[in-house]
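Participant: Following this message is one structure expressed as structure tokens.
The values are calculated or read from the model by the stated rules, or taken from the named source; none is laboratory data. All values reported here derive from a predicted model rather than from experimental measurement. As a convention, Cβ positions derive from the backbone with ideal geometry for all residues, glycine included, and neighbour counts pool all protein chains shown.
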There are 2 protein chains.
Amino acid sequence: MKVAILGFGIVGSGAYEILERSGYSVGKVLDIRPHKELGDVLTSNFDDILNDKEITVVAEAIGGLEPAHTFLVKAIKAGKHVVSSNKHLICTYYDELLTLARENGVTVRFSASAGGGIPWLHNLRRATRCDRITKVFGIMNGTTNFIIDAMISDNSDFSDVLRTAQSLGYAEADPSADIDGLDTARKTAISSSIAFNTEISEDGIHIFGLRNIKKCDIEYIKNKLGKTVRYIGTGICEGDKISAFVEPLIIDNDSLFASVRKNNNMISLEGENVGQLSFFGQGAGKYPTGTAVAQDVIDILSGDIKSLTPGKKREVDNTAVSKSYYIRTRADVPSCIIESIDVDGENKYIITKEISVFDIHSISKEILNKDGGSFFAGIER
Amino acid sequence: MKVAILGFGIVGSGAYEILERSGYSVGKVLDIRPHKELGDVLTSNFDDILNDKEITVVAEAIGGLEPAHTFLVKAIKAGKHVVSSNKHLICTYYDELLTLARENGVTVRFSASAGGGIPWLHNLRRATRCDRITKVFGIMNGTTNFIIDAMISDNSDFSDVLRTAQSLGYAEADPSADIDGLDTARKTAISSSIAFNTEISEDGIHIFGLRNIKKCDIEYIKNKLGKTVRYIGTGICEGDKISAFVEPLIIDNDSLFASVRKNNNMISLEGENVGQLSFFGQGAGKYPTGTAVAQDVIDILSGDIKSLTPGKKREVDNTAVSKSYYIRTRADVPSCIIESIDVDGENKYIITKEISVFDIHSISKEILNKDGGSFFAGIER
């Protein structure tokens, strides 16, 4: 039984080193770039892997949809177990890959796709075996946590902190997937799909981005509200409704999430039996994320090959969850939702009455049309 | 394949309900008390379980050393996998049970023995497969965390909070195993044994208890040091030395552990590849701890039966780890270890120079001989 790794970038090379050091032999690595140190193990032809009977597990760390998707489908059809670190791919082809794996008697694992080095999806899947999970929520994106933490600690501007994050390699040259919430939305979709035994598409998830946060927001939250803020993805299953949303969330200073500093992640579940479980660690990086890929591979090689049953696809319905919101804007806000308001120059600082996630997002569109720099944050109940 | 549960107390009945609700059939329950609801499943004769070929997993939730130990040895010798929630038993017979299990081709799991509902030992064991663990540390005892948290939040006396904890069922009538540190020491021993692939006896672990903590300590730590305190078990592997100790630890207010409130637990590991991982949740209770037992059972029924290899027994050596300590005492303290001192009436509040865990414990004996109410706490570096 050998493993093949597709893609020898940061995550793929991390997983390779960890597996080799731990006594698990990597039979083939697929990469189009030369890597002398890999010798015969390197190939640029996927068929070398597909046709190698000794290779029973294929771990994908290429990123993007194609050719990763085609490779994984072929691997599954050839009876190989697959592991992926690719949240875009898992989010897009969740049902197809899980169904195909079931039909072919193999398993699909993708722990590295949410939580990086944190064994989050592994433990979430394990929890569903003997508990009803009612909520998944947490700090799922290191870049945005780094930005918020630095803004709070150093009283810095968003744009300055973003540049620092980019120079440290914590943020991409194009940071929009992080700061506009798509990355967190995908991780929320994957986590909710597993937790609630369903398939949630990232498209239905309401998102407030972090891009518009300013010093004055941090100061208002700190000095006027006596609280702090984190960027949180949430999925909730209540009765037959599934809510899922991503937003800056104003929380108490002594909350567990408030102590998550720098680019760390912390993700939680609530189970009817077990109560709240929270998992903290590095959400990215060569060796942490490489560890998550390696652990999935080792689970499979150890005989733990039970597949997830793909649940029925369900639409997100954000009418069921309500709370107050903080809005900083220059635009008019419907007076019926305002609980309190402070005015400072052209800026209005508004705390809303309790309002559903669905309603605040409908209203936010008008407000953002008038003032594109408006900032929205939920307030934890 | 069926499971038997030994002991139908809080943990045993929690595990029973969770397994039955999750579709896993419990074949037999051993208890000497009557439980009508169990019908034929109940037996008071262990041989009924031992001789039942359908029962492949025996989960022990009796507590204490005997007859639990004898039952588990017999079960292993009969080729049954065993699960235990019993930290006293696991600590005492760690090597014997693991060796016996290996010889008989079965596995021993004991996730519920440290961390309660937190999947701590499961994840620790999993982490050792592809990482070198250098440290395990955390809040492993809910009673002491409840006491510290209430003393800090409500400015209460130790004895008042202890009574509240007892009336809420968070503390035993005889709370000494909790407040004198034995419970945390056992969990530290088990965690260190797994993390460092060895066998650490609880006897070698240096303990500073929590029993002597007073309002004036909380106030000094808060107002003079600007910090807070938690009750922490620590195991460290550095080079060929293993340190293990239990102590009140003075930590920064924004530390992850500082946000662990009430009777919750949080336990962490540091791995060379994965960095710090922390696991938060309920450290006790019928359904949380019952979940940990049920999860071990389900792992085994799912084919995950790899045994731990019992590591070589090693002595704790606390000479390698040094830090400053806080001492509140009326006795004389050797001046060579004093970094700073405040005096208030008969009490001296001392911050020591950096000193090894071994040395401070040697010195503490003399100090406690002269003033039995002296309080010691480490200061996180």
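Participant: What's the total number of residues in region B:13-42 that are under 18 Å from residue B:80 (Cα atoms), surrounded by 13 or more Cβ atoms within 10 Å (Cβ to Cβ) and without any contact (Cβ under 8 Å) to a residue 60 or more places away in the chain?
Facilitator: 5
Participant: β-branched (Val, Ile, Thr) and in contact with a Ser or Thr (Cβ under 6 Å, 6 or more places away or on another chain): which single residue out of A:250, A:350, A:305 fits that description?
Facilitator: Working: A:250 fails: in contact with a Ser or Thr (Cβ under 6 Å, 6 or more places away or on another chain); A:350 fails: in contact with a Ser or Thr (Cβ under 6 Å, 6 or more places away or on another chain).
Unique residue meeting the criteria: A:305.
Participant: While we're looking at this one, here's another question. Just wondering, is there one or more residues in region B:62-81 that are in contact with a Lys or Arg (Cβ under 8 Å, 6 or more places away or on another chain) and charged (D, E, K, R)?
Facilitator: The initial filter retains those residues of region B:62-81 that are in contact with a Lys or Arg (Cβ under 8 Å, 6 or more places away or on another chain), namely B:81.
Filter again for charged (D, E, K, R), leaving none.
There is no residue in region B:62-81 that is in contact with a Lys or Arg (Cβ under 8 Å, 6 or more places away or on another chain) and charged (D, E, K, R).
Participant: Go through region B:162-188 and report how many residues are surrounded by fewer than 19 Cβ atoms within 10 Å (Cβ to Cβ) and part of a helix (DSSP H, G or I).
Facilitator: To start, the set of residues in region B:162-188 that are surrounded by fewer than 19 Cβ atoms within 10 Å (Cβ to Cβ) comprises B:163-164, B:166-169, B:172-174, B:176-177, B:180.
With part of a helix (DSSP H, G or I) added as a condition, the list becomes B:163-164, B:166-167, B:176-177.
Summing the residues that are surrounded by fewer than 19 Cβ atoms within 10 Å (Cβ to Cβ) and part of a helix (DSSP H, G or I) in region B:162-188 gives 6.
Participant: Of the conditions (1) assigned to a helix (DSSP H, G or I); (2) over 30 Å from the mean Cα position of the chain (by Cα), residue A:13 clears all except one; give me its number.
Facilitator: (2)
Participant: Does residue B:358 meet the test of being hydrophobic (A, V, I, L, M, F, W, C), touching a residue at least 60 places away in the same chain (Cβ under 8 Å) and not in a helix (DSSP H, G or I)? Give the derivation first.
Facilitator: Details: hydrophobic (A, V, I, L, M, F, W, C): yes; touching a residue at least 60 places away in the same chain (Cβ under 8 Å): yes; not in a helix (DSSP H, G or I): no.
No: the conditions fail for residue B:358.
Participant: In the list A:188, A:198, which residue meets the criterion of being more than 14 Å from chain B (Cβ to nearest Cβ), farther than 26 Å from residue A:352 by Cα and not acidic (Asp, Glu)?
Facilitator: Values: A:188 fails: farther than 26 Å from residue A:352 by Cα.
Going through A:188, A:198 in turn, the sole match is A:198.
Participant: Give the residues of region A:291-316 that are buried (at least 24 other Cβ atoms within 10 Å of the Cβ) and facing chain B (nearest Cβ under 7 Å), sorted by residue number.
Facilitator: A:291, A:294, A:295, listed by residue number.
Participant: Pairs under 7 Å by beta carbon, first residue in contact (Cβ under 8 Å) with a residue 40 or more places away in the chain and more than 10 Å from every other protein chain (Cβ to nearest Cβ) in region B:243-257, partner part of a strand (DSSP E or B) and of a type in the set (Lys, Arg), six or more apart or different chains?
Facilitator: B:249/B:230; B:251/B:230
Participant: For region B:311-325, does any single residue satisfy the condition of being assigned to a loop (DSSP other than H, G, I, E, B), touching a strand residue (DSSP E or B) at 6+ places or on another chain (Cβ under 7 Å) and of a type in the set (Asp, Glu)?
Facilitator: The answer is yes, given that some residue of region B:311-325 is assigned to a loop (DSSP other than H, G, I, E, B), touching a strand residue (DSSP E or B) at 6+ places or on another chain (Cβ under 7 Å) and of a type in the set (Asp, Glu).
Quick grid of which residues meet (1) touching a residue at least 24 places away in the same chain (Cβ under 8 Å); (2) within 20 Å of the chain's Cα centre (by Cα):
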position: B:288; (1), (2): yes, yes
position: B:309; (1), (2): yes, no
position: B:340; (1), (2): no, no
position: B:352; (1), (2): yes, no
position: B:365; (1), (2): no, no
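Participant: If you don't mind, another one. Of all strands (runs of 3 or more DSSP E) completely enclosed by region A:227-280, which ones contain at least 1 residues that are under 18 Å from the mean Cα position of the chain (by Cα) and not assigned by TED's automatic domain parsing to the domain that holds residue A:210?
Facilitator: Details: elements: A:228-238, A:241-251, A:264-271.
Result: empty, no element qualifies.
Participant: Which is more than 14 Å from chain A (Cβ to nearest Cβ), of a type in the set (A, V, I, L, M) and under 22 Å from the mean Cα position of the chain (by Cα), of B:97, B:38, B:42? Reasoning before the result, please.
Facilitator: On the way: B:38 fails: under 22 Å from the mean Cα position of the chain (by Cα); B:42 fails: under 22 Å from the mean Cα position of the chain (by Cα).
The match here is B:97.
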